[in-house]
Structure formats: structure tokens, C-alpha cells
Amino acid sequence: MLVLLWACPAQLACDATDGCLLLNSNVVGLGAAETLTQPQEVSASTIALSVEFCTASIANFAAFTTRCYCYGGSCTVPGPTIVTSPGATLTVTFTNSLGANPAGTVTANTMHSPNTVNLHTHGLHVDPAVDSIFVEVEPGESHTYAYQLPSDHHPGFHWYHSHHHGSSTFQVMGGLVG
């Protein structure tokens with residue numbers, strides 16, 4: 001799974017040449033294992049990340065159109081792995097390149113606004129005002145997140161995803177994770 005990580009011990013990193021294995025012996029028509037592609041790794045303090053529609057493929061099994069995180073012209077499911085360090089400031093300019101939301105009434109606790117997104121992290125000890133699930137990045141808009149990581153932040157694998165209320169389950173289940 002794609003995660004935010006820093007100072008990760010070498011023994012925890014996947015071998016980029018061998019990849020990881022998806023055991024799918026219960027899937028009819030496939031061999032015992034298929035190789036999964038490793039996510040793109042980004043080691044920068046300032047990055048531009050966007051959300052676009054793309055076609056995702058799953059290990060010679062299926063292809064589908066979904067919402068993807070894109071970095072440097074590459075749109076993938078999952079999105080890129082972002083590598084940073086304790087004490088660093090990670091600035092992410094987040095652009096929503098999806099089309100307009102369907103017209104209709106927005107009702108709390110129902111699925112709505114599938115093309116409104118935001119960026120939310122798990123495991124980072126950062127200011128909740130910055131990592132707010134209430135930010136709404138509408139189609140065609142951008143938002144800049146500046147995550148200030150504490151100098152004593154523990155290393156580890158962390159993850160990010162869209163957390164717009166009304167569409168987060170739909171987006172995460174569709175692969176909008178990193």
C-alpha cells in the first residue's frame with residue numbers, strides 16, 4: 001500500500017526490481033501470483049499533486065476508470081509514495097482536475113459530490129487545522145497544504161486519502177489512496 005514514510009529501515013522497503021506479490025489463487029483463470037507495480041517515490045519538500053480520472057489495471061486481471069492521484073504526469077492507483085523527514089515541512093499543492101459534480105441536492109449522510117476532494121493523512125502528528133477533513137477542493141480548484149512535521153516524529157508507514165464527507169468511501173474504495 002502506498003504510504004507517507006520517512007527514515008524507513010531498509011529491511012521494510014519492497015525490492016523495486018522484484019515488486020510485491022498479489023496472491024490470487026482463489027481467482028479463476030489466474031496463476032498463483034501476479035506482480036504488483038511499485039508506486040512512484042517522491043522525495044521533495046514541495047510537490048504538486050492532482051486528482052484526475054485514469055484507467056487503473058490490476059495485475060492482468062481487470063482495468064477500470066477511476067479517480068487517481070497524479071504526480072509528474074503519472075496517474076496511478078495507489079498514488080505516489082511521499083518520503084519526508086522529521087522536522088521537515090511538506091508542502092503539497094493539491095489540484096482537482098475532475099469534471100463538475102452532478103447537479104442535485106446535497107443531503108448530509110448521503111453519497112454526494114463525487115468529484116469534490118481533499119487530502120487527509122493518517123499517522124502524521126500535524127496541525128489538525130492543516131489536515132482538516134472539512135477542506136473542500138471543488139473541480140477546477142487548488143488548495144495548498146503545509147504539513148510541519150515535529151522534529152521528534154516517529155518514522156513509519158503512513159497513508160493519505162480523500163476525506164470529503166459524502167464521497168470519501170466511494171473515492172477510497174475506487175483507489176484514491178496513497
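Where a number appears in this text, it was derived from the coordinates with a stated rule and is not lab data. Computed from a predicted structure; not experimentally measured. Virtual Cβ from ideal backbone geometry, glycine too; neighbours counted across all protein chains shown.
What the phi angles of the range 132-144 give under the Karplus curve with 6.51, -1.76 and 1.60, with θ = phi - 60°, is a coupling list of 7, 6, 8, 5, 10, 9, 6, x, x, 9, 10, 9, 10 Hz, glycine and proline written as x.
Debye sum, Cα scatterers, the range 84-140, no solvent: what log₁₀ I/I(0) at q = 0.13, 0.16 1/Å? Treating every Cα as an identical point scatterer, log10 I(q)/I(0) equals -0.45, -0.64. When each of the peptides 162-169, 82-89, 123-130 is scored by the mean number of other C-beta atoms lying within 10 Å of its residues, the order from highest to lowest reads 162-169, 82-89, 123-130. Note that the range 51-65 has calculated 3J(HN,Hα) couplings of 10, 9, 7, 8, 9, 9, 10, 10, 5, 6, 10, 7, 9, 8, 8 Hz, one per residue in order, obtained from phi through the Karplus relation 6.51 cos²θ - 1.76 cosθ + 1.60 (θ = phi - 60°); glycine and proline are x. Model label sites at F53 and T66, defined 7 Å from Cα along the beta-carbon direction, differ in position by 1.6 nm.
Other residues within the sphere of radius under 11 Å centred on the Cβ of Y145, judged by their own Cβ, net out at -2 (K and R +1, D and E -1).
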